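Read-outs throughout are calculated quantities, based only on the coordinates presented, and are distinct from any laboratory measurement. This one's a predicted model, so the numbers in the text were calculated from it and none came from an experiment. So basically every Cβ, Gly included, is an ideal-geometry build from the backbone, and we count neighbours across all protein chains shown.
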Amino acid sequence: MTDETVRPIRVVIADDEVMVRGFIAGKLAHADGIEVVAEAGNGREAVEAARAYAPDVLLMDVRMPELDGIRATREVARVAPDVRIVAMTGLAVDEYVGSMVEAGALGFLPKVRVADEIEQTIRIAAAGESFVGPRAEVTRMIAEAASVAADDEQAEARRLYERLSPRESEVAQQMARGLKLPEIADLLGIGVTTVRSHQGEVLAKLGANNRTIAAQIIAKAGFGPDLFPGRQSRA
């Protein structure tokens, strides 16, 4: 019988942080049957490395300069369709991971798990298997990202609204209802000129260029009519 040489799994590491690339390369240096053939510092270099080295697995950071991970993944899928791509992210919540999977990545690996799971991840990807667990986590991460963004918008709207004086707040709420200046004046028992002055202060303090934008900010702050009927209210 003759000994058969098993071809190692060829890997390219694409990350814009030199220390991250070095850490991963160091972890894989003594991994049985895995060989790092190239490194890339941005998405464009990742595409070129995939084309030049034809690796089995490409570890692709989600956020990189010149060409982000999403576009780089699409390009690799076009020029080197046999390369299996694993998305990596260092963020606790990254809304772009789902787009990476849609672009062609088999799954993703949070960088906090690299030390423990990088070898297993590469072997799974090299076998062409998708990551069922990470795909489920992608959904969770996207949902968390959307929730965080909504909370941030609401907090910022409330911060701006709290800059208004009590009278400006009254005017702002009627502006959000769509009332015209004379209608607001009649409702509050003040002159139209005074309402116009308060409206100017409201727009300035909310950082709004017009009444429509102001109404959106007021609604997000929770002090006006809901201009977004499809949105679920927050307790």
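Put a plus charge on the Cβ of each Lys and Arg, a minus charge on the Cβ of each Asp and Glu, and nothing anywhere else: the dipole of the range 9-142 about its Cα centre is then about 200 debye. Shape call for the range 9-142 from the C-alpha gyration tensor, a ≥ b ≥ c root eigenvalues: rounded (a/c under 1.5), prolate (a/b greater than b/c) or oblate? In terms of gyration-tensor shape, rounded.
The distance from the alpha carbon centre of the range 171-209 to that of the range 12-53 is 59 Å, rounded to a whole number. The calculated FRET efficiency for the pair MET19 and ARG78, based on their C-beta separation and a Förster distance of 30 Å, comes to about 0.50.
When only the Cβ of Lys, Arg, Asp and Glu is charged (+1, +1, -1, -1), the dipole of the range 162-221 relative to its Cα centre reaches about 160 debye. Take the Cβ atoms of THR194 and GLU156, set R0 to 25 Å, and the FRET efficiency comes out at 0.30. Between the residues ALA176, GLN216, HIS198, the greatest Cα displacement towards the positive end of the dipole of the range 162-221, with unit charges on the Cβ of Lys, Arg, Asp and Glu, is found for GLN216. By its C-alpha gyration tensor, with a ≥ b ≥ c as the square roots of the eigenvalues, how is the range 1-52 shaped: rounded for a/c under 1.5, else prolate for a/b larger than b/c, else oblate? It is oblate, given that a/c is not under 1.5 and a/b is not larger than b/c. Straight-distance candidates among the lysines for linking to LYS27, with alpha-carbon spacing under 28 Å and chain neighbours fewer than 8 residues away dropped: LYS111. What the Cβ-Cβ distance of ASP32 and VAL112 gives, at R0 = 22 Å and to the nearest 0.05, is a FRET efficiency of 0.35. Note on GLN120 and ALA204: the model spin-label points, each 7 Å out from Cα along the C-beta direction, lie 6.1 nm apart.
A straight chain from ARG71 to ARG163 at 0.36 nm per residue would run longer than the Cα-Cα distance by 28.9 nm. Which shape class applies to the range 150-194: rounded if a/c is under 1.5, otherwise prolate when a/b exceeds b/c and oblate if not, where a ≥ b ≥ c are the square roots of the Cα gyration tensor eigenvalues? Prolate, because a/c is 1.5 or more and a/b exceeds b/c.
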